[in-house]
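For reference, the structure is listed below as structure tokens.
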Amino acid sequence: MTLTIDELVKRVGAWLGGEGPYADIVISSRIRLARNLDGFPFLSKSSDSDRSQVYRVLMESIAELELGEDTLVVDIEDADELDRQVLVERHLISRQHAEGEGTRGVAIANNEQCALMINEEDHLRIQGMRSGLQLACLFEEVNRIDNEIGQRVRYAFDRRWGYLTACPTNVGTGIRVSVMLHLPALKLTGQIEQMFRAAKEMHLAVRGLYGEGTDAVGDFFQVSNQTTLGQTEKDIVEEFASEIIPRIVKFELTAREMLEKDRSALLDDKIWRAWGTLENARTMSSDETLFLLSHLRMGVNMGRCKDIDLTRLNQLFLRSQPAHLQKLEGRRLDGEQRSVARARYLRSILDSHN
């Protein structure tokens, strides 16, 4: 089977399945490895010929991997702008990769749980994603792919410094562990700043839904390690899985318990006001949609809203995004047209659950 981006839009990837440990708070786990080929300059110094050679060498190596039949390879340079944005909205490529220049591409496999980006910031970015907090098994898979590619090409590696990367913060292991969290109760109780301060003390980066350079929208945050030098990959993964993320999850659960006990009227008002607006609005922006769906998701996870499940909510999150919406409509839409189409789409899904 040859997968297409149009077919991708019609489904929700496995990493958004709402399953796995702490899935009510941890939306997804991601591990990314940055690698560069020995003998080629970093992309900031690469010629068009260098980029093309890197692309050819890596694509040939990837073609030899066991990634399954349901694999999508996209030439990002030649891809339609809307298709590139769909991949960004699904967290399969970065905005930098989508908006870059020159020869570049991505191979997507395992129901979107694996993405291999070529010529993003580094020559190769190996990314794995899973629903919930599943870092251990995720690392095994990403490490396997890394080793298999490493048997076919020679990575830029220094015995003292480790893997050499375009950004100094990635030098060493080249690993970036990132967990997407839904923290509405910490936001509602005014405790989110405490979490930010604690994260800073633990040398973590806290970013918005689409990573670096984006703001938090709808109480969704990405927490990731800032440094990779001086620790092994397994140490970083283990610290996230057993200490860092469970601690943040505990903060959020405590805040939810406080809301239920002391401010239940406020809690229910946020949940049902969100439902009412989503079900009846005639225009709706992307940011407002994420904000309201965030409150609705909190209601589902806390057992206060039983009229919709997480699978359907995740579908709404994805398909209400600008590029997905235009793909579903089958035409380009300006901002006002998207707001109208988005509201209509949300009403059609929520009305079916009455």
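The values are calculated or read from the model by the stated rules, or taken from the named source; none is laboratory data. These figures come from a predicted structure and were not determined experimentally. With ideal geometry, Cβ positions are generated from the backbone for all residues, glycine too; neighbour counts draw on all protein chains shown.
Which condition breaks for Ala241 when tested against (1) crowded, with 17+ Cβ neighbours inside 10 Å; (2) of a type in the set (A, V, I, L, M, F, W, C); (3) modelled with pLDDT under 90?
With (1) crowded, with 17+ Cβ neighbours inside 10 Å; (2) of a type in the set (A, V, I, L, M, F, W, C); (3) modelled with pLDDT under 90 applied to Ala241, the lone miss is (3).
Output the residues belonging to the range 1-20 that are assigned to a loop (DSSP other than H, G, I, E, B) and crowded, with 17+ Cβ neighbours inside 10 Å.
Result: Leu3, Val12, Gly13, Gly17, Gly18, Gly20.
Tally up the residues in the range 164-184 that are of a type outside the set (D, E, K, R), touching a strand residue (DSSP E or B) at 6+ places or on another chain (Cβ under 7 Å) and at negative phi, please.
The qualifying residues number 13.
Would you mention how many residues in the range 155-168 are surrounded by 15 or more Cβ atoms within 10 Å (Cβ to Cβ) and either under 23 Å from the mean Cα position of the chain (by Cα) or among the hydroxyl-bearing types (Ser, Thr, Tyr) (or both)?
Here the count works out to 4.
Return a yes/no flag: does the range 299-307 have any residue that is of a type in the set (Gly, Ala, Ser), under 22 Å from Glu89 (Cβ atoms) and without any contact (Cβ under 8 Å) to a residue 24 or more places away in the chain.
The answer is no, given that none of the residues of the range 299-307 is of a type in the set (Gly, Ala, Ser), under 22 Å from Glu89 (Cβ atoms) and without any contact (Cβ under 8 Å) to a residue 24 or more places away in the chain.
Can you tell me which residue within the range 288-312, out of those that are of a type in the set (S, T, N, Q) and crowded, with 18+ Cβ neighbours inside 10 Å, is nearest to Gly18 (Cα to Cα)?
Residue satisfying both the conditions and the ranking: Asn301.
Can you list residue pairs whose Cβ atoms sit under 6 Å apart, with the first residue in the range 273-294 being under 15 Å from Ala341 (Cα atoms) and in contact (Cβ under 8 Å) with a residue 60 or more places away in the chain and the second being buried (at least 21 other Cβ atoms within 10 Å of the Cβ) and charged (D, E, K, R)? Count only pairs 6 or more apart in sequence or on different chains.
If the second residue must be buried (at least 21 other Cβ atoms within 10 Å of the Cβ) and charged (D, E, K, R), the pairs left are Met284/Arg342.
Just to be sure before I move on: is Arg347 at pLDDT below 95, in a loop (DSSP other than H, G, I, E, B) and either outside the structural domain of Gly13 (by TED's automatic domain parsing) or crowded, with 18+ Cβ neighbours inside 10 Å (or both) in the structure I sent?
In short, no.
Within the set of pairs 6 or more residues apart or between chains, which connect a residue that is within 24 Å of Ala79 (Cα to Cα) and hydrophobic (A, V, I, L, M, F, W, C) inside the range 308-337 to a residue that is outside any helix (DSSP H, G or I) and at pLDDT 90 or above with Cβ atoms less than 6 Å apart?
Correct list of pairs: empty, since none qualify.
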